[in-house]
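The values are calculated or read from the model by the stated rules, or taken from the named source; none is laboratory data. Since we're looking at a predicted model, the values are computed, not measured. All Cβ positions, glycine included, derive from the backbone under ideal geometry; neighbour counts span all protein chains shown. Surface accessibility is based on the protein's heavy atoms, side chains included, excluding ligands, DNA and RNA. Shrake-Rupley method; radii C 1.70, N 1.55, O 1.52, S 1.80 Å.
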Amino acid sequence: MSKTKLYEGKAKIVYTTDDDNQMLIHFKDEATAFDGVKKGKIKGKGIVNNKMSCHLFQYLERYNVPTHFIEQASDNEMLVKKVEIIKIEVAMRNIAAGHLCKRYGIEEGTDLQTPILEFYLKDDSLHNPLINEYHAYALELATREEVRYFSQQAIKINAVLRSYFHRRDILLVDFKLEFGRLADEIILADEISPDTCRLWDAKTRKKMDKDRFRHDLGEVEETYKEILERTLA
Ligand SMILES: Nc1ncnc2c1ncn2[C@@H]1O[C@H](COP(=O)(O)OP(=O)(O)OP(=O)(O)O)[C@@H](O)[C@H]1O
Ligand SMILES: [Mg+2]
(Lines give C-alpha, C1' and ligand atoms only; values in the text may rest on other atoms or scores of the structure.)
(Ligands and ions follow the chains in the order given, each with its own letter.)
Protein backbone atom coordinates (compact mmCIF):
# COMPACT_ATOMS: atom_id res chain seq x y z
CA MET A 1 0.00 0.00 0.00
CA SER A 2 1.43 3.42 -0.93
CA LYS A 3 1.52 5.88 1.94
CA THR A 4 1.96 9.63 1.62
CA LYS A 5 1.86 11.86 4.66
CA LEU A 6 -1.18 14.14 4.41
CA TYR A 7 -0.95 15.89 7.76
CA GLU A 8 1.06 15.65 10.94
CA GLY A 9 -0.73 16.86 14.06
CA LYS A 10 0.30 16.94 17.69
CA ALA A 11 -0.77 13.38 18.47
CA LYS A 12 -1.29 11.67 15.13
CA ILE A 13 0.03 11.43 11.58
CA VAL A 14 -2.47 11.04 8.76
CA TYR A 15 -1.50 9.15 5.58
CA THR A 16 -3.24 8.70 2.25
CA THR A 17 -4.01 5.16 1.09
CA ASP A 18 -4.62 3.62 -2.35
CA ASP A 19 -8.29 4.41 -1.82
CA ASP A 20 -9.09 8.15 -2.02
CA ASN A 21 -11.98 7.71 0.42
CA GLN A 22 -9.80 6.21 3.15
CA MET A 23 -6.92 7.38 5.36
CA LEU A 24 -4.50 5.70 7.69
CA ILE A 25 -4.13 7.34 11.11
CA HIS A 26 -0.88 6.67 12.96
CA PHE A 27 -1.09 7.36 16.70
CA LYS A 28 2.12 8.88 18.09
CA ASP A 29 3.63 8.67 21.58
CA GLU A 30 4.09 12.47 21.57
CA ALA A 31 1.93 14.36 24.05
CA THR A 32 1.14 18.06 24.35
CA ALA A 33 -0.84 20.06 26.87
CA PHE A 34 -1.83 23.67 27.61
CA ASP A 35 -2.15 24.65 23.94
CA GLY A 36 1.06 22.90 22.98
CA VAL A 37 3.16 24.78 25.55
CA LYS A 38 3.99 21.56 27.41
CA LYS A 39 5.50 18.85 25.24
CA GLY A 40 6.60 15.35 26.05
CA LYS A 41 6.43 11.70 25.22
CA ILE A 42 4.36 8.93 26.81
CA LYS A 43 5.87 5.59 25.82
CA GLY A 44 3.16 3.27 24.52
CA LYS A 45 0.50 5.99 24.29
CA GLY A 46 0.09 5.55 20.51
CA ILE A 47 -0.83 1.91 20.99
CA VAL A 48 -3.15 2.64 23.92
CA ASN A 49 -5.00 5.45 22.12
CA ASN A 50 -5.34 3.46 18.90
CA LYS A 51 -6.59 0.31 20.59
CA MET A 52 -8.99 2.14 22.88
CA SER A 53 -10.36 4.21 19.98
CA CYS A 54 -10.80 1.16 17.74
CA HIS A 55 -12.59 -0.69 20.52
CA LEU A 56 -14.92 2.16 21.48
CA PHE A 57 -15.77 3.09 17.87
CA GLN A 58 -16.78 -0.53 17.22
CA TYR A 59 -18.78 -0.58 20.44
CA LEU A 60 -20.60 2.65 19.49
CA GLU A 61 -21.42 1.28 16.01
CA ARG A 62 -23.45 -1.40 17.81
CA TYR A 63 -25.59 1.42 19.21
CA ASN A 64 -26.11 2.87 15.73
CA VAL A 65 -23.53 5.62 16.11
CA PRO A 66 -21.85 5.89 12.68
CA THR A 67 -18.07 6.37 12.97
CA HIS A 68 -15.09 6.71 10.64
CA PHE A 69 -13.64 3.38 11.85
CA ILE A 70 -12.90 0.77 9.18
CA GLU A 71 -10.32 -1.49 10.82
CA GLN A 72 -7.39 -1.60 13.21
CA ALA A 73 -4.49 -1.67 10.74
CA SER A 74 -1.75 -2.35 13.32
CA ASP A 75 -1.04 -1.78 17.02
CA ASN A 76 -0.83 1.98 16.50
CA GLU A 77 -2.67 2.56 13.20
CA MET A 78 -6.34 2.80 12.28
CA LEU A 79 -7.84 2.70 8.79
CA VAL A 80 -10.67 5.23 8.60
CA LYS A 81 -13.13 6.83 6.23
CA LYS A 82 -11.86 10.24 5.15
CA VAL A 83 -14.28 12.99 6.16
CA GLU A 84 -14.46 16.77 6.06
CA ILE A 85 -13.88 17.60 9.73
CA ILE A 86 -16.39 20.06 11.20
CA LYS A 87 -14.43 22.86 12.89
CA ILE A 88 -16.24 22.41 16.20
CA GLU A 89 -15.00 20.35 19.15
CA VAL A 90 -18.03 18.86 20.88
CA ALA A 91 -17.53 18.28 24.62
CA MET A 92 -19.69 16.52 27.19
CA ARG A 93 -19.17 16.85 30.93
CA ASN A 94 -20.59 14.74 33.76
CA ILE A 95 -18.30 15.77 36.63
CA ALA A 96 -16.60 19.17 37.06
CA ALA A 97 -12.93 19.25 36.04
CA GLY A 98 -10.48 21.32 34.02
CA HIS A 99 -11.72 24.52 32.40
CA LEU A 100 -15.22 24.17 33.84
CA CYS A 101 -13.82 24.59 37.37
CA LYS A 102 -11.70 27.58 36.39
CA ARG A 103 -14.45 29.28 34.37
CA TYR A 104 -17.36 28.88 36.78
CA GLY A 105 -15.59 28.43 40.12
CA ILE A 106 -16.87 24.91 40.68
CA GLU A 107 -14.86 22.54 42.83
CA GLU A 108 -13.19 19.70 40.91
CA GLY A 109 -15.10 16.45 41.31
CA THR A 110 -18.53 18.03 41.76
CA ASP A 111 -21.23 15.84 40.20
CA LEU A 112 -23.13 17.91 37.64
CA GLN A 113 -26.92 17.75 38.01
CA THR A 114 -27.22 17.18 34.27
CA PRO A 115 -24.53 16.57 31.64
CA ILE A 116 -23.19 19.75 30.03
CA LEU A 117 -22.82 19.92 26.25
CA GLU A 118 -20.22 22.44 25.08
CA PHE A 119 -18.83 23.58 21.73
CA TYR A 120 -15.33 24.90 21.12
CA LEU A 121 -14.01 26.42 17.91
CA LYS A 122 -11.48 23.96 16.49
CA ASP A 123 -8.68 26.48 15.87
CA ASP A 124 -5.44 26.17 17.81
CA SER A 125 -4.25 29.65 16.73
CA LEU A 126 -7.29 31.12 18.53
CA HIS A 127 -6.80 28.76 21.50
CA ASN A 128 -10.04 26.84 20.82
CA PRO A 129 -12.47 29.37 22.33
CA LEU A 130 -15.80 28.28 23.85
CA ILE A 131 -18.65 29.03 21.44
CA ASN A 132 -22.39 28.39 21.34
CA GLU A 133 -24.69 27.19 18.57
CA TYR A 134 -25.29 30.73 17.29
CA HIS A 135 -21.56 31.22 16.69
CA ALA A 136 -21.66 27.96 14.75
CA TYR A 137 -24.42 29.28 12.45
CA ALA A 138 -23.09 32.83 12.10
CA LEU A 139 -19.53 31.70 11.39
CA GLU A 140 -20.89 29.03 9.04
CA LEU A 141 -19.15 26.23 10.93
CA ALA A 142 -22.23 24.01 10.71
CA THR A 143 -25.91 24.23 9.83
CA ARG A 144 -28.76 24.08 12.34
CA GLU A 145 -29.55 20.57 11.17
CA GLU A 146 -25.93 19.48 11.65
CA VAL A 147 -25.65 21.02 15.13
CA ARG A 148 -28.92 19.36 16.16
CA TYR A 149 -27.70 16.02 14.84
CA PHE A 150 -24.24 15.95 16.42
CA SER A 151 -25.59 17.30 19.70
CA GLN A 152 -28.03 14.38 19.87
CA GLN A 153 -25.22 11.98 18.96
CA ALA A 154 -22.95 13.43 21.69
CA ILE A 155 -25.69 13.00 24.30
CA LYS A 156 -26.26 9.41 23.19
CA ILE A 157 -22.52 8.65 23.10
CA ASN A 158 -22.23 10.03 26.63
CA ALA A 159 -25.01 7.77 27.89
CA VAL A 160 -23.55 4.69 26.18
CA LEU A 161 -19.94 5.27 27.22
CA ARG A 162 -20.79 6.39 30.72
CA SER A 163 -22.52 3.11 31.52
CA TYR A 164 -19.82 1.15 29.66
CA PHE A 165 -17.12 2.66 31.89
CA HIS A 166 -19.33 2.50 35.00
CA ARG A 167 -19.50 -1.29 34.60
CA ARG A 168 -15.68 -1.24 34.72
CA ASP A 169 -15.59 0.91 37.86
CA ILE A 170 -14.47 3.97 35.92
CA LEU A 171 -16.08 7.40 35.94
CA LEU A 172 -16.42 9.15 32.57
CA VAL A 173 -15.78 12.68 33.83
CA ASP A 174 -15.80 14.45 30.46
CA PHE A 175 -14.71 13.98 26.85
CA LYS A 176 -14.27 15.75 23.50
CA LEU A 177 -15.55 14.55 20.12
CA GLU A 178 -14.92 15.54 16.51
CA PHE A 179 -17.49 14.93 13.78
CA GLY A 180 -17.05 15.02 10.01
CA ARG A 181 -19.12 15.18 6.86
CA LEU A 182 -19.22 12.21 4.49
CA ALA A 183 -21.58 12.61 1.54
CA ASP A 184 -24.87 13.59 3.22
CA GLU A 185 -24.00 11.94 6.53
CA ILE A 186 -22.30 13.19 9.68
CA ILE A 187 -20.08 10.62 11.33
CA LEU A 188 -17.95 10.47 14.46
CA ALA A 189 -14.23 10.86 13.66
CA ASP A 190 -10.82 11.43 15.30
CA GLU A 191 -10.24 9.44 18.53
CA ILE A 192 -11.72 8.45 21.88
CA SER A 193 -8.83 7.90 24.25
CA PRO A 194 -7.27 8.98 27.55
CA ASP A 195 -6.02 12.04 25.60
CA THR A 196 -9.59 13.14 24.85
CA CYS A 197 -11.51 11.79 27.86
CA ARG A 198 -11.16 12.33 31.60
CA LEU A 199 -11.46 8.91 33.27
CA TRP A 200 -11.26 8.40 37.04
CA ASP A 201 -11.23 5.20 39.07
CA ALA A 202 -14.71 5.10 40.61
CA LYS A 203 -13.52 4.03 44.08
CA THR A 204 -10.29 5.98 44.57
CA ARG A 205 -11.01 8.77 42.02
CA LYS A 206 -7.46 8.25 40.74
CA LYS A 207 -7.01 10.13 37.45
CA MET A 208 -6.39 7.68 34.59
CA ASP A 209 -6.00 10.06 31.64
CA LYS A 210 -3.88 12.86 30.19
CA ASP A 211 -4.22 14.92 33.38
CA ARG A 212 -1.41 12.69 34.77
CA PHE A 213 0.84 14.17 32.06
CA ARG A 214 -0.62 17.72 32.25
CA HIS A 215 -0.04 18.00 35.99
CA ASP A 216 2.99 15.69 36.41
CA LEU A 217 1.09 13.20 38.58
CA GLY A 218 3.53 10.36 37.83
CA GLU A 219 3.01 6.78 36.60
CA VAL A 220 1.79 8.19 33.29
CA GLU A 221 2.76 5.26 31.04
CA GLU A 222 1.62 2.64 33.55
CA THR A 223 -1.76 4.34 33.98
CA TYR A 224 -2.34 4.59 30.21
CA LYS A 225 -1.71 0.82 29.97
CA GLU A 226 -3.98 0.12 32.95
CA ILE A 227 -6.89 2.16 31.60
CA LEU A 228 -6.62 0.33 28.24
CA GLU A 229 -6.70 -3.06 29.98
CA ARG A 230 -9.71 -2.06 32.05
CA THR A 231 -11.49 -0.63 28.99
CA LEU A 232 -10.96 -3.80 26.93
CA ALA A 233 -11.93 -6.13 29.82
N1 LIG B 1 -11.76 10.54 9.49
C2 LIG B 1 -11.06 11.66 9.37
N3 LIG B 1 -11.00 12.32 8.18
C4 LIG B 1 -10.28 13.47 8.07
N5 LIG B 1 -9.58 14.03 9.06
C6 LIG B 1 -9.62 13.43 10.27
C7 LIG B 1 -10.36 12.22 10.49
N8 LIG B 1 -10.22 11.86 11.79
C9 LIG B 1 -9.43 12.80 12.35
N10 LIG B 1 -9.06 13.75 11.45
C11 LIG B 1 -8.17 14.91 11.66
O12 LIG B 1 -6.82 14.42 11.61
C13 LIG B 1 -5.98 15.17 12.48
C14 LIG B 1 -5.36 14.25 13.48
O15 LIG B 1 -4.17 14.75 14.00
P16 LIG B 1 -4.02 15.30 15.49
O17 LIG B 1 -5.14 14.88 16.36
O18 LIG B 1 -2.62 14.98 15.91
O19 LIG B 1 -4.18 16.84 15.18
P20 LIG B 1 -4.02 18.02 16.21
O21 LIG B 1 -2.60 18.32 16.46
O22 LIG B 1 -4.90 17.73 17.38
O23 LIG B 1 -4.54 19.21 15.37
P24 LIG B 1 -5.99 19.59 15.00
O25 LIG B 1 -6.16 20.92 15.62
O26 LIG B 1 -6.02 19.63 13.50
O27 LIG B 1 -6.88 18.52 15.57
C28 LIG B 1 -6.87 16.20 13.15
O29 LIG B 1 -6.79 17.41 12.42
C30 LIG B 1 -8.27 15.59 13.02
O31 LIG B 1 -9.27 16.56 13.03
MG1 LIG C 1 -6.31 16.24 17.63
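Just a few scattered comments:
- The chain - accessible surface per residue (Å², probe 1.4 Å): 50
- Convex hull volume per residue for the range 5-81, taking Cα atoms only, in Å³: 100
- Members of K51/K207; K82/K102; K10/K225; K41/K156; K3/K41; K81/K206 lying beyond 31 Å, as alpha-carbon distances in this model show: K82/K102; K41/K156; K81/K206
- Against the rule of thumb 2.2 N^0.38 Å, how large the Cα Rg of the chain comes out: 0.97
- Computed FRET value (nearest 0.05) for N64 with D111, which takes r as the C-beta separation and R₀ as 35 Å: 0.80
- Using θ = phi - 60° and Karplus 6.51 cos²θ - 1.76 cosθ + 1.60, couplings along the range 76-89 (whole Hz; Gly, Pro as x): 10, 9, 10, 8, 9, 7, 6, 10, 9, 5, 6, 7, 10, 8
- Extension reserve of the D18-L139 stretch, reckoned as 0.36 nm per residue once the Cα distance is removed: 40.1 nm
- Here is the result for the range 125-159: no trypsin sites (Lys or Arg not before Pro) lie in DSSP coil with at most 11 other C-beta atoms within 10 angstrom of their C-beta.
- Note on T4: accessible area is roughly 80 Å² with a 1.4 Å probe, heavy atoms of protein only.
- Heavy-atom accessible area, probed at 1.4 angstrom with all protein chains present, ranks E140, E219, E145 as E140, E145, E219, highest first.
- Flagged links, alpha-carbon separation over 26 Å, of K28/K210; K5/K122; K39/K203; K12/K210: K39/K203
- When only the Cβ of Lys, Arg, Asp and Glu is charged (+1, +1, -1, -1), the dipole of the chain relative to its Cα centre reaches about 600 debye.
- Gyration tensor verdict on the range 56-176 (Cα atoms; rounded if a/c is under 1.5, prolate if a/b is larger than b/c, oblate otherwise): oblate
- Accessible surface of the chain, 1.4 Å probe, proportion on carbon and sulfur as whole %: 50
- Among the chymotrypsin sites (Phe, Trp or Tyr not before Pro) in the range 1-101, those placed in a DSSP loop whose Cβ has at most 14 other Cβ atoms within 10 Å are F34, Y63.
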